[in-house]
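Read the structure below first, then the notes.
The values are calculated or read from the model by the stated rules, or taken from the named source; none is laboratory data. All values derive from a computational prediction rather than experimental measurement. Cβ: placed from backbone, ideal geometry, glycine included. Neighbour counts: every protein chain shown.
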2 protein chains.
Amino acid sequence: MSTKRKVLIIGAGRSASSLIKYLSDKSTKENLQIILADIDLEAAQKLAGDLQNIKIEIFDIFEESKRSKLIKDSDLVISMLPARFHMEVAKDCLKYGKHMVTASYISPELKALDDEVKAKGLVWMNEIGLDPGIDHMSAMQVLDRIRDKGGKMLLFESFTGGLVAPESDTNKWNYKFTWNPRNVVVAGQGGVAKFIQEGKYKYIPYQKLFRRSEILKIGEYGNFEAYANRDSLKYREAYGLKNVLTLYRGTIRRIGFSRAWNIFVQLGMTDDSYEMENTEEMSYREFTNSFLPYRPHDTVELKLRNYLHIEQDDILWEKITELELCNPHKKIGLKNATPAQALQKILMDKWMLQPEDKDMIVMLHIFGYELNGEKKQIESHMVVIGDDQKYTAMAKTVGLPVAIVSLKILNKEITTPGVQIPIKKEVYEPILEELSKYGILFKEERTKYLGYNPDLLWG
Amino acid sequence: MSTKRKVLIIGAGRSASSLIKYLSDKSTKENLQIILADIDLEAAQKLAGDLQNIKIEIFDIFEESKRSKLIKDSDLVISMLPARFHMEVAKDCLKYGKHMVTASYISPELKALDDEVKAKGLVWMNEIGLDPGIDHMSAMQVLDRIRDKGGKMLLFESFTGGLVAPESDTNKWNYKFTWNPRNVVVAGQGGVAKFIQEGKYKYIPYQKLFRRSEILKIGEYGNFEAYANRDSLKYREAYGLKNVLTLYRGTIRRIGFSRAWNIFVQLGMTDDSYEMENTEEMSYREFTNSFLPYRPHDTVELKLRNYLHIEQDDILWEKITELELCNPHKKIGLKNATPAQALQKILMDKWMLQPEDKDMIVMLHIFGYELNGEKKQIESHMVVIGDDQKYTAMAKTVGLPVAIVSLKILNKEITTPGVQIPIKKEVYEPILEELSKYGILFKEERTKYLGYNPDLLWG
């Protein structure tokens with residue numbers, strides 16, 4: 001009997017559940033020993049549960065000797081740590097000649113190791129979670145197919161959203177936190193949203209981002225909306241879309257979310273750049289009032305509606321009321337909080353997933369192209385619903401591609417070395433194939449090519 | 001005959017004209033030799049004109065040997081350089097034991113030299129231009145008077161604006177660039193506007209700043225408006241206003257400016273954080289269109305009005321039209337311009353002071369206080385109109401306080417050593433007295449105490 005192949009998983013976060021389960025389920029057949037390493041024993045035990053062939057190692061990523069030893073002893077290393085810690089892992093993987101897999105964006109420091117990684121014949125696969133990850137693979141599969149037939153790409157739009165499943169959609173915002181709440185609160189900040197429409201560069205500043213959303217219709221799931229990401233042009237070259245006329249990436253929400261979220265933006269409640277005064281003792285009502293003009297004859301409610309032109313019977317107002325933004329008894333209770341931190345506290349009262357709640361991932365790509373003189377359009381969407389609070393749609397869509405690619409690297413089915421993302425056919429084809437067995441798959445339909453062509457829009 | 005006292009002025013910018021003239025006019029009587037040092041011979045010559053007792057030295061501030069020699073040879077050094085260069089001057093002033101005067105904010109690095117400056121008995125006076133400068137002195141004069149009588153401060157508001165004089169006010173914005181245009185374009189960015197009203201902290205984000213302006217009535221000059229500065233609380237301790245209920249600082253414009261400026265803010269045109277594509281060849285119309293939705297059946301004009309809800313017969317629309325924001329023939333003509341740089345280019349076509357134009361400085365302080373159980377209010381305003389394009393109101397109000405304090409330091413009328421700002425009576429009294437001879441003076445009126453007391457507001 002051969003020695004077991006050792007897969008070292010560093011970081012026992014929530015997104016590692018499906019990853020670990022996949023590898024554990026295959027561990028006997030594939031002769032795997034999984035080492036789950038984390039600083040938090042309880043988190044690791046919870047993840048491992050009674051899954052087989054998992055060994056837990058408790059360690060701090062900055063504890064160099066233990067880290068080196070664990071990496072040296074493994075055959076492949078998966079880093080599920082926050083992206084800023086990957087370099088510690090990467091240096092050891094290079095030193096000891098190990099394959100590495102992450103679901104994170106490639107940092108310039110990591111990219112800089114590409115030559116050395118190639119020289120050692122190592123596969124370092126990154127951006128192989130959901131977004132980035134499944135978006136790359138599913139988009140490239142269709143793009144390559146269109147181009148292989150001789151089609152010329154005109155338009156590519158791609159949207160992703162982490163939402164609550166329809167059966168758990170119980171609040172007026174049609175939204176709950178299915179991932180890091182902080183990322184939701186500060187979304188859209190830190191840079192302009194830039195994209196291309198019909199060859200024209202367009203720029204949306206933060207203060208208009210949530211008023212420029214697009215309406216999307218996705219299969220049987222009904223209507224959604226999307227606001228523009230900052231990085232619509234990020235993969236223009238990688239995807240081979242240098243001359244495409246329209247390139248847009250967005251974040252999916254249920255219709256009406258952006259219009260209501262814009263209230264927080266306009267008030268200044270999403271600002272994370274300064275600390276407010278007295279936030280520990282501040283009530284929700286005082287918090288709201290600090291962004292409104294001083295006018296002691298009016299209630300906070302009246303000032304808020306007046307300031308943002310909200311009619312009292314507008315659904316917007318029901319959304320505000322539901323959050324108890326004007327409650328004088330509830331306290332922020334955080335020292336030196338930024339507005340964003342205080343807002344997050346208020347939202348977490350209402351938007352946390354409950355034990356019985358399920359989450360939902362929605363992804364949509366739109367491909368417009370010209371083939372044999374004819375303009376065509378393909379819309380491709382994926383909807384994944386979580387099983388429960390452990391095997392969420394997020395954990396499945398992030399963790400399964402990581403698990404699948406790791407096993408395929410171990411089994412030498414994926415061998416091209418380098419610091420890379422999954423945009424090559426040899427990578428995406430087998431992974432998408434395997435994902436489909438787990439219900440992670442795209443439905444395609446051919447639609448009339450709309451693009452942004454005014455003649456067709458009015459035809 | 002005694003040796004002449006040497007005053008070294010480093011930096012021959014536009015704001016140095018009145019400063020140099022004041023010292024030159026006094027130079028014979030006061031036995032002064034003025035050394036005007038700048039990298040730009042032409043600028044220095046233009047400033048010196050045929051004024052007496054001025055010697056020009058051409059040098060680069062980073063040319064250490066020449067800088068040291070000039071400073072060593074002088075009796076007092078005035079740095080009119082951009083604030084970031086003051087430290088080079090300061091180090092030499094400390095080394096050779098020279099008094100120093102600047103109109104700039106005290107940087108932490110400069111403040112750190114305080115002990116050494118005091119030990120050497122040197123007077124380093126800063127923030128002694130207009131704003132900061134005249135605002136400190138004129139506010140402290142009234143504050144000290146109120147408190148000397150036993151009054152308790154309740155409210156302090158202070159407003160300053162650099163505007164165009166009524167006789168030169170020829171455009172629909174009632175505004176021209178009388179100072180660095182860039183500062184006007186990026187005004188209000190980089191942090192929340194924070195202030196206190198009736199004991200409550202209030203925060204205005206950038207996207208609302210120009211919709212939260214206050215209306216001001218200033219003597220015979222009519223109505224103005226002001227938007228909040230970021231730093232309303234900056235001098236709370238220095239002014240002894242720790243327990244004041246209302247503290248607000250603002251920037252003055254003519255009424256209607258902020259409402260119109262808000263259009264640029266909402267479009268994203270004031271953003272200085274990223275470079276746009278193809279700005280060299282971009283027309284004004286294309287620039288505007290890049291912030292608007294793609295909708296090829298509508299004109300840029302229609303989209304703009306629709307997007308920002310501007311009625312076609314609104315004065316706002318006349319302001320936009322006046323700037324030719326939708327002109328397809330005029331080009332930005334700048335490589336890799338940020339939106340703010342492109343907007344500045346567009347505004348400079350229309351808002352530059354013409355040779356015959358005069359500028360105007362407006363400052364207003366409002367003091368609310370309680371004395372012998374009675375609430376009182378004083379409003380104090382200053383309006384200064386420029387003589388011409390050389391001796392502008394800005395040059396006078398920035399340069400004359402610098403000149404006056406410099407002479408008083410040389411004459412040992414101001415002797416308290418240290419890195420300081422002009423908030424002590426021994427400093428502000430004689431300087432304000434001298435400034436009044438040049439038409440730079442405040443008019444005070446007692447008004448009914450309004451504060452933000454609702455009973456009085458409705459009384």
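List, please: which pairs have Cβ atoms under 6 Å, are six or more places apart or on different chains, and start with a residue in segment B:196-210 that is over 17 Å from A:Thr288 (Cα atoms) and end with one that is assigned to a loop (DSSP other than H, G, I, E, B) and hydrophobic (A, V, I, L, M, F, W, C)?
Filtered contacts from segment B:196-210: no entries.
Just wondering, is there one or more residues in segment A:130-153 that are farther than 18 Å from A:Trp351 by Cβ, aliphatic (A, V, I, L, M), surrounded by 16 or more Cβ atoms within 10 Å (Cβ to Cβ) and within 14 Å of another protein chain (Cβ to nearest Cβ)?
For segment A:130-153, residues farther than 18 Å from A:Trp351 by Cβ, aliphatic (A, V, I, L, M), surrounded by 16 or more Cβ atoms within 10 Å (Cβ to Cβ) and within 14 Å of another protein chain (Cβ to nearest Cβ): absent.
I need a count of the residues in segment B:66-108 that are of a type in the set (S, T, N, Q) and closer than 19 Å to B:Ala16 by Cα.
Within segment B:66-108, the first condition is being of a type in the set (S, T, N, Q), and the residues that meet it are B:68, B:74, B:79, B:102, B:104, B:107.
From what is left, the residues that are closer than 19 Å to B:Ala16 by Cα are B:74, B:79, B:102, B:104.
Count: 4.
Just to check your reading of the model, which residue among A:Lys118, A:Lys194 is within 30 Å of A:Asp92 (Cα to Cα) and not assigned by TED's automatic domain parsing to the domain that holds A:Leu347?
On inspection, the qualifying residue turns out to be A:Lys118.
If you go through segment A:258-268 one residue at a time, do you hit one that is buried (at least 16 other Cβ atoms within 10 Å of the Cβ) and within 22 Å of A:Asp135 (Cβ to Cβ)?
Looking through segment A:258-268, at least one residue is buried (at least 16 other Cβ atoms within 10 Å of the Cβ) and within 22 Å of A:Asp135 (Cβ to Cβ).
For segment B:301-327, which residues satisfy the criterion of being of a type in the set (Lys, Arg) and either within 11 Å of chain A (Cβ to nearest Cβ) or in contact with a Lys or Arg (Cβ under 8 Å, 6 or more places away or on another chain) (or both)? Lay out the reasoning, then the answer.
Initially, segment B:301-327 is screened for residues of a type in the set (Lys, Arg), giving B:303, B:305, B:319.
The answer is B:Lys303, B:Lys319.
Out of segment A:266-278, which residues are within 7 Å of another protein chain (Cβ to nearest Cβ) and not in a loop (DSSP other than H, G, I, E, B)?
Matches in segment A:266-278: A:Gln266 only.
With the requirement that a residue be among the aromatic types (Phe, Trp, Tyr) and surrounded by 15 or more Cβ atoms within 10 Å (Cβ to Cβ), what does segment B:24-72 give you? Talk me through it step by step, then tell me what you get.
If we filter segment B:24-72 for residues that are among the aromatic types (Phe, Trp, Tyr), which is where we start, we get B:59, B:62.
Selection gives B:Phe59 alone.
Kindly indicate whether B:Ile423 is of a type in the set (A, V, I, L, M, F, W, C), at pLDDT 95 or above and in contact with a His (Cβ under 8 Å, 6 or more places away or on another chain).
Here the answer is yes, as B:Ile423 does meet what is asked.
Can you say whether A:Tyr274 is surrounded by fewer than 22 Cβ atoms within 10 Å (Cβ to Cβ), without any contact (Cβ under 8 Å) to a residue 12 or more places away in the chain and not assigned by TED's automatic domain parsing to the domain that holds A:Met382, as far as the supplied structure shows?
Answer is no for this residue.
Being part of a helix (DSSP H, G or I), away from chain A (no Cβ under 14 Å), modelled with pLDDT of 95 or more and over 15 Å from the mean Cα position of the chain (by Cα) is the requirement here; does B:Glu167 meet it?
It is true that B:Glu167 is part of a helix (DSSP H, G or I), away from chain A (no Cβ under 14 Å), modelled with pLDDT of 95 or more and over 15 Å from the mean Cα position of the chain (by Cα).
Could you please let me know if B:Asp298 is free of Cβ contacts under 8 Å to residues at least 40 places away in the same chain, of a type in the set (D, E, K, R) and away from every other protein chain (no Cβ under 14 Å)?
It is false that B:Asp298 is free of Cβ contacts under 8 Å to residues at least 40 places away in the same chain, of a type in the set (D, E, K, R) and away from every other protein chain (no Cβ under 14 Å).
Which number in (1) crowded, with 16+ Cβ neighbours inside 10 Å; (2) aliphatic (A, V, I, L, M); (3) touching a residue at least 60 places away in the same chain (Cβ under 8 Å) marks the one condition that B:Met352 misses?
The failed condition is (1).
Quick one: what pairs do we get from segment A:166-177, first residue more than 14 Å from A:Glu356 (Cβ to Cβ) and charged (D, E, K, R), second buried (at least 19 other Cβ atoms within 10 Å of the Cβ) and at pLDDT 95 or above, C-beta under 6 Å, 6+ apart or different chains?
A:Lys172/A:Lys319
Among the residues of segment B:279-338, count how many are of a type in the set (S, T, N, Q), part of a loop (DSSP other than H, G, I, E, B) and within 31 Å of the chain's Cα centre (by Cα).
Within segment B:279-338, residues that are of a type in the set (S, T, N, Q), part of a loop (DSSP other than H, G, I, E, B) and within 31 Å of the chain's Cα centre (by Cα) number 3.
In the list B:Tyr201, B:Tyr175, B:Tyr221, which residue meets the criterion of being within 14 Å of another protein chain (Cβ to nearest Cβ) and aromatic (Phe, Trp, Tyr)? Before the answer, list the steps.
Values: B:Tyr175 fails: within 14 Å of another protein chain (Cβ to nearest Cβ); B:Tyr221 fails: within 14 Å of another protein chain (Cβ to nearest Cβ).
Testing whether each residue is within 14 Å of another protein chain (Cβ to nearest Cβ) and aromatic (Phe, Trp, Tyr) leaves just B:Tyr201.
Within segment A:108-120, how many residues turn out to be surrounded by fewer than 16 Cβ atoms within 10 Å (Cβ to Cβ) and not charged (D, E, K, R)?
Final tally of qualifying residues: 3.
Test of understanding: among B:Gly386, B:Gly399, B:Gly373, which residue is on the phi < 0 side of the Ramachandran plot and out of contact with any strand residue (DSSP E or B) (no Cβ under 6 Å at 6 or more places or on another chain)? Working first, answer last.
Numbers: B:Gly386 fails: out of contact with any strand residue (DSSP E or B) (no Cβ under 6 Å at 6 or more places or on another chain); B:Gly373 fails: on the phi < 0 side of the Ramachandran plot.
Step by step, each of B:Gly386, B:Gly399, B:Gly373 is checked, and only B:Gly399 is on the phi < 0 side of the Ramachandran plot and out of contact with any strand residue (DSSP E or B) (no Cβ under 6 Å at 6 or more places or on another chain).
Check B:Ile20, B:Ile9 and return the single one that is in the same structural domain as B:Ile404 (by TED's automatic domain parsing) and part of a helix (DSSP H, G or I). Lay out the reasoning, then the answer.
On the way: B:Ile9 fails: part of a helix (DSSP H, G or I).
On inspection, the qualifying residue turns out to be B:Ile20.
Are any residues in segment B:204-218 within 13 Å of chain A (Cβ to nearest Cβ), assigned to a loop (DSSP other than H, G, I, E, B) and under 17 Å from B:Val362 (Cβ atoms), and if so, which ones?
Hit for segment B:204-218 is B:Ser213, nothing else.
Mind listing whichever residues of segment B:229-250 are buried (at least 20 other Cβ atoms within 10 Å of the Cβ), within 14 Å of the chain's Cα centre (by Cα) and part of a strand (DSSP E or B)?
Hits for segment B:229-250 are B:Arg249, B:Gly250.
How many residues does segment A:237-265 hold that are hydroxyl-bearing (Ser, Thr, Tyr), more than 10 Å from chain B (Cβ to nearest Cβ) and touching a Gly at 6+ places or on another chain (Cβ under 8 Å)?
Residues flagged as hydroxyl-bearing (Ser, Thr, Tyr), more than 10 Å from chain B (Cβ to nearest Cβ) and touching a Gly at 6+ places or on another chain (Cβ under 8 Å) within segment A:237-265 amount to 1.
Just to be sure before I move on: is B:Ile146 under 22 Å from B:Asp231 (Cβ atoms), at pLDDT 95 or above and touching a strand residue (DSSP E or B) at 6+ places or on another chain (Cβ under 9 Å) in the structure I sent?
It is false that B:Ile146 is under 22 Å from B:Asp231 (Cβ atoms), at pLDDT 95 or above and touching a strand residue (DSSP E or B) at 6+ places or on another chain (Cβ under 9 Å).
Yes or no: segment A:186-194 includes at least one residue that is buried (at least 22 other Cβ atoms within 10 Å of the Cβ), away from every other protein chain (no Cβ under 14 Å) and under 21 Å from A:Gly133 (Cβ atoms).
no
Residues checked against (1) under 23 Å from B:Ile134 (Cβ atoms); (2) touching a helix residue (DSSP H, G or I) at 6+ places or on another chain (Cβ under 6 Å); (3) not assigned by TED's automatic domain parsing to the domain that holds B:Gly399:
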| position | (1), (2), (3) |
| --- | --- |
| B:Pro82 | yes, no, no |
| B:Asp92 | no, yes, no |
| B:Gly97 | no, no, no |
| B:Tyr105 | yes, no, no |
| B:Pro108 | no, no, no |
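Need the failing condition index for B:Ser290 against (1) within 13 Å of chain A (Cβ to nearest Cβ); (2) without any contact (Cβ under 8 Å) to a residue 12 or more places away in the chain; (3) not aliphatic (A, V, I, L, M), just the number.
(2)
Of the numbered conditions (1) surrounded by fewer than 19 Cβ atoms within 10 Å (Cβ to Cβ); (2) in contact (Cβ under 8 Å) with a residue 40 or more places away in the chain, A:Lys319 satisfies every one except a single condition; which is it?
(1)
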